[in-house]
1. Could you say which residue among Ala279, Ala260 is in contact with a strand residue (DSSP E or B) (Cβ under 8 Å, 6 or more places away or on another chain) and not assigned by the TED database to the domain that holds Leu138?
2. Those residues that are without any contact (Cβ under 8 Å) to a residue 60 or more places away in the chain, among the acidic types (Asp, Glu) and outside any strand (DSSP E or B), I need them from the stretch 319-358; list them, please.
3. Here are the criteria: (1) closer than 18 Å to Phe122 by Cα; (2) over 23 Å from the mean Cα position of the chain (by Cα). Tell me which single one Arg211 does not satisfy.
4. Go through the stretch 253-267 residue by residue and tally those that are modelled with pLDDT of 95 or more and either assigned to a helix (DSSP H, G or I) or among the aromatic types (Phe, Trp, Tyr) (or both).
5. Might you let me know whether the stretch 179-187 holds any residue that is surrounded by fewer than 23 Cβ atoms within 10 Å (Cβ to Cβ) and assigned to a helix (DSSP H, G or I)?
6. Answer yes or no: is there a residue in the stretch 55-76 that is in contact with a Lys or Arg (Cβ under 7 Å, 6 or more places away or on another chain) and of a type in the set (Phe, Trp, Tyr).
7. Taking Gly228 as the residue in question, decide whether it is outside any strand (DSSP E or B), crowded, with 21+ Cβ neighbours inside 10 Å, in contact with a strand residue (DSSP E or B) (Cβ under 6 Å, 6 or more places away or on another chain) and in contact (Cβ under 8 Å) with a residue 40 or more places away in the chain.
8. Of the residues Cys343, Cys332, Cys327, Cys316, which is within 22 Å of the chain's Cα centre (by Cα) and of a type outside the set (S, T, N, Q)?
Amino acid sequence: SQCQGEHGSVSYQRFNAMPTSSQTADGAFFVCDVRDLEHKVDLWRQELPGITPFYAVKCSTDPVVLHTLSSRGVNFDCSNMSEIKMVLEMGVSPDRIVYANTIKSSSHLDFASEHGVTLMTFDCMEELGKISDKNARLLLRIASNETGSGITMNNKFGCRLEEAGNLLQIARYMGFNVVGIAFHVGAAYRCPDIFARSIAEARSVFNVGIRIGHPMTVLDIGGGFTGGLRSHDRLLKLCETIRVAVDEYFPASSGVRVIAEPGQFFVTSAYTLATRVVAERRKDIEINGEFGQKYNEIKYTVCASGHAQPPHERPCNILSTVWGATCNPLDCILDKQPLFEVCVNEWLLMDNMGAYTL
């Protein structure tokens, strides 16, 4: 039986149904479906055929993921020297990499320059001053219109729109070529129109760069693409919104190359976590001022996020809190939510576990 949710699910499987070789093991493990990765590449090219994907390596550095995506022609978004090195060692050419972290160590910049990685982002004068490679092809990251976004990026990354013109002027004065604009809409947004608004704002900054004299040829629309099971319809609506906005503001006739930095889109649904229940305890809690309602506290071997809904065979009728088996008091998976009954030593399967877990 299975408790399913929008972002993840918790599935029950009897311990004696697991492979014999795993029955004495307590440790959790992941299973990767490479076919799912390949399907996501095909889906991207079907829904966003004019946008080149640069996979966000930080989402999962599993060599299986990197080799599979590389073999299918996907490019890479790297955030540090380690990720750049990892991708280059697979034989990926440096022109298939964007160094998309606006905050860079000087040694990491030197490494990128020495290995021919020239496409990179910046968002302030201080970071611009660190760049010594005059062959760098820069993308000015702007603070996107994050209205409706649950997880904002603007507090840390991106210049304000009113600052963009001055930074473009400074880059021109310093002899750098700014070749385009980048943004990231954040995560957990409620409406796909957040992309349309940000693309429109990027167009206005693009025009400023052109007037200043920069060779503006690249638009980077960042990440934030959902990739989990049960999110297909939402993804299709998002892709339609992006296609319409790109056609309006950056049509093919403009000669602008549009790229993106999908991470969780590619890997989320490709991985399932198998984890064993290692402890359980029952406690009284207070609800609406009354004591006496029992609930379970269950510990798993690995922390994961997800939401539970009733399965087919076991009713989700036990108020439960699910913890990872660590000493971290924040390692909470489900907090006082209905869950089906489980016992110590039973195995659970959790899908949508590919992003930011390995």
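The values are calculated or read from the model by the stated rules, or taken from the named source; none is laboratory data. In this text, all values refer to a predicted model and were calculated from it rather than measured experimentally. In this analysis, Cβ positions are derived from the backbone assuming ideal geometry, glycine residues included, and neighbour counts consider all displayed protein chains.
1. Values: Ala260 fails: not assigned by the TED database to the domain that holds Leu138.
Every option except Ala279 fails the conditions.
2. Within the stretch 319-358, Asp331, Glu341 meet the criteria.
3. Answer for Arg211: the failing condition is (1).
4. From the stretch 253-267, those modelled with pLDDT of 95 or more are 253-263, 265-267; that's our starting set.
Of the ones still in play, those that are also either assigned to a helix (DSSP H, G or I) or among the aromatic types (Phe, Trp, Tyr) (or both) are 253-254, 265-267.
Result for the stretch 253-267: 5.
5. No, that holds for no residue.
6. The initial filter retains those residues of the stretch 55-76 that are in contact with a Lys or Arg (Cβ under 7 Å, 6 or more places away or on another chain), namely 75-76.
Okay, now just the ones that are also of a type in the set (Phe, Trp, Tyr), so 76.
Yes.
7. Working: outside any strand (DSSP E or B): yes; crowded, with 21+ Cβ neighbours inside 10 Å: yes; in contact with a strand residue (DSSP E or B) (Cβ under 6 Å, 6 or more places away or on another chain): no; in contact (Cβ under 8 Å) with a residue 40 or more places away in the chain: yes.
Answer is no for this residue.
8. Working: Cys343 fails: within 22 Å of the chain's Cα centre (by Cα); Cys327 fails: within 22 Å of the chain's Cα centre (by Cα); Cys316 fails: within 22 Å of the chain's Cα centre (by Cα).
Matching residue, one of Cys343, Cys332, Cys327, Cys316: Cys332.
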